[in-house]
Amino acid sequence: MATRHEAAFDALGTVIDPELDQPITDLDFVSSLVVDEGGNVVVHLRLPTSFCAPNFAYLMASDAKDVLKQLDWTRKVTVELDDHHDSPIINAGLAADAGYRGTFGHEAEDDLEDLRTIFLRKAHVAAMERCLTGLLRADPTREVSEMGQVLLKELPDDENTGALLRRREVIGLPTTSDSVVMVDHEGNKYAQIDVPLALRRARSTRISIDGNAHFCRGLLRTRYDDPDRTTVDA
């Protein structure tokens, strides 16, 4: 049972908040996780506020259900979102496997996969900026304009590089060692003259993501008053 609980929690760790670019487990969005002897799983999710965007909320809850259903031992998987203004709608849609449009009907104006793609691209931009800014900090003699020629093999073997490689793979960019680091979401390189401005824009994207994540963590701790909670129910 402990092994199955750990496997389920690890699976939930692959679910990413699209706006904050962090796993829902790291963000403490998993309020409880219960696995019974028959392989039935019940998960309760929570968010920093009751008015978090419904499309983001549904996306995370739906992804959580999907990754748990993919485990070869699970039978019935129940995922519920607590304390959100659309919890009844979202939970009913998840229980019925109705999909995003089936859950929200005429209110689902935007395609959920298009939204996911937008934020995956933003996550790639932020990861790219972290790596290149790290190189500039490690060697202040390097020119910003040179960053457009940096190859993946020049990056250190660290967490930031690993995150960049994962995000490149997800949006379909090459991850070979001779690939250029600084590219747009279609894999196009930047002209040398455009590199400084492009890197500044990438930094703004990264700061926005990091700032939102910090803000949401604070809201969650304030809302639920449990800053020291690090585990979920076994």
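Of all the options Glu80, Glu19, Glu186, the one that moves most in a Gaussian network model of the chain with Cα springs shorter than 10 angstrom is Glu186. For the pair region 60-112 and region 202-223, the centres of their Cα atoms are 25 angstrom apart. Taking N as the residue count of region 76-177, its C-alpha radius of gyration divided by 2.2 N^0.38 Å amounts to 1.57.
On a 30 Å Cα-Cα criterion, which of the cross-link pairs Lys69/Lys153; Lys65/Lys122; Lys69/Lys122 come out too long? The pairs that break the limit, which is 30 Å between Cα atoms, are Lys69/Lys153.
Here Glu169 and Thr117 are evaluated by their C-beta separation; at R0 = 22 Å the FRET efficiency comes out at 0.95.
The stretch between Asp66 and Asp225, if pulled fully straight at 0.36 nm per residue, gains 54.3 nm over its current Cα-Cα span. Farthest towards the positive end of the charge dipole of the chain, among the residues Thr49, Thr205, Gly105, is the Cα of Thr205, using unit charges on the Cβ of Lys, Arg, Asp and Glu.
Would you kindly give the portion of the calculated P(r) for the chain that falls above 26 Å, as a percent of all Cα pairs? Percent of Cα pairs beyond 26 Å in the chain: 46. Between Asp210 and Arg142, full extension at 0.36 nm per residue minus the direct alpha carbon distance yields a gain of 21.9 nm. How big, in percent, is the set of alpha carbon pairs in region 134-234 lying more than 15 Å apart? Counting every Cα pair in region 134-234, those more than 15 Å apart make up 72 percent.
For Asp157 and Ala7, the FRET efficiency from 1/(1 + (r/R0)^6), where r spans their Cβ atoms and R0 equals 35 Å, is about 0.80.
The C-alpha atoms of the chain define a longest principal axis, and helix 2-12 lies at about 50 degrees to it. Need one number: % antiparallel among DSSP beta bridges in the chain, to the nearest 5. The answer is about 65 percent antiparallel. Ellipticity at 222 nm from helices only: DSSP H runs of n ≥ 4 in the chain, each -39500 (n - 2.57), divided by the residue count, give -15500 deg cm²/dmol. Across all Cα pairs in region 2-109, the calculated P(r) in 10 Å bins from zero up to the longest distance comes to 15, 50, 30, 4, 0 percent per bin.
For Ser179 and Asn40, the difference between the fully extended length at 0.36 nm per residue and the C-alpha to C-alpha distance is 45.6 nm.
A short reminder: the numbers here are calculations on the coordinates, not readings from a lab. In this text, all values refer to a predicted model and were calculated from it rather than measured experimentally. All Cβ positions, even for glycine, are placed from backbone atoms using ideal geometry, and neighbour counts span all protein chains on display.
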